[in-house]
Amino acid sequence: KTLGILLALYLFVCSLTFLSTSFRILGGRNLSKLFSSSEILSNPIVGIMIGILVTVAVQSSSTSTSIIVALVSAGAAVKNAIPMIFGSNVGTSVTNTIVSMNQAGDREAFRRAFAAATVHDMFNWLSVIILTIIELATGFLETTTEMIVDSMDIDIGNSTSIGNKTSSSSG
């Protein structure tokens, strides 16, 4: 079982790399321009709705978050991705409501399941509303993540640039 879990984790990480690479190949340099120059896609409310719709479509906030991370890796701005991540968190509300509806046959079980789903929904919505206001007013999350990434001292000299078809390595 442990080997199977490790293999599944390895395949998941590889799939994220493939997803990021495919976004770079398909979108190229235009992807970052699309997200930065489009007034609609840079609107945080639209970003939240995109995150909700993607999560509802794939029925997995992990999958939609992975797609958004791959988009950022391919060149989309972090500022535009933050509301999409918020939206993917809210999108899980649809899933738990559907699960609670499966308890409709037993009145008491449905009451408890729907109450629990509603508590989860309210937590997600309130968290997203508060964090969106804080992010729009201060840019706290974007600044914090930038500081964290900068402190990691990541060597980008060993990366391959698909858009420029160049490869460099420090050795």
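General observations
- Check on L141, aliphatic (A, V, I, L, M), open to solvent by 70 Å² or more (accessible area, probe 1.4 Å) and at pLDDT 85 or above: no
- For the stretch 66-82, the set of residues classified as under 9 Å from the mean Cα position of the chain (by Cα) and modelled with pLDDT of 85 or more consists of A81, I82, listed by residue number.
- Qualifying residue in the stretch 131-144 (condition: out of contact with any Leu (no Cβ under 6 Å at 6 or more places or on another chain) and assigned to a loop (DSSP other than H, G, I, E, B)): yes
- Hits in the stretch 107-157 - residues which are under 30 Å from T97 (Cβ atoms) and among the β-branched types (V, I, T): T118, V119, V128, I129, I130, T132, I133, I134
The values are calculated or read from the model by the stated rules, or taken from the named source; none is laboratory data. Everything quoted here is computed from the prediction, not taken from an experiment. Ideal geometry is used to build each Cβ from the backbone, glycine not excepted, and the neighbour counts take in all protein chains shown. Calculation scope for accessible area: heavy atoms of the full protein, side chains included, ligands and nucleic acids excluded. Shrake-Rupley method; radii C 1.70, N 1.55, O 1.52, S 1.80 Å.
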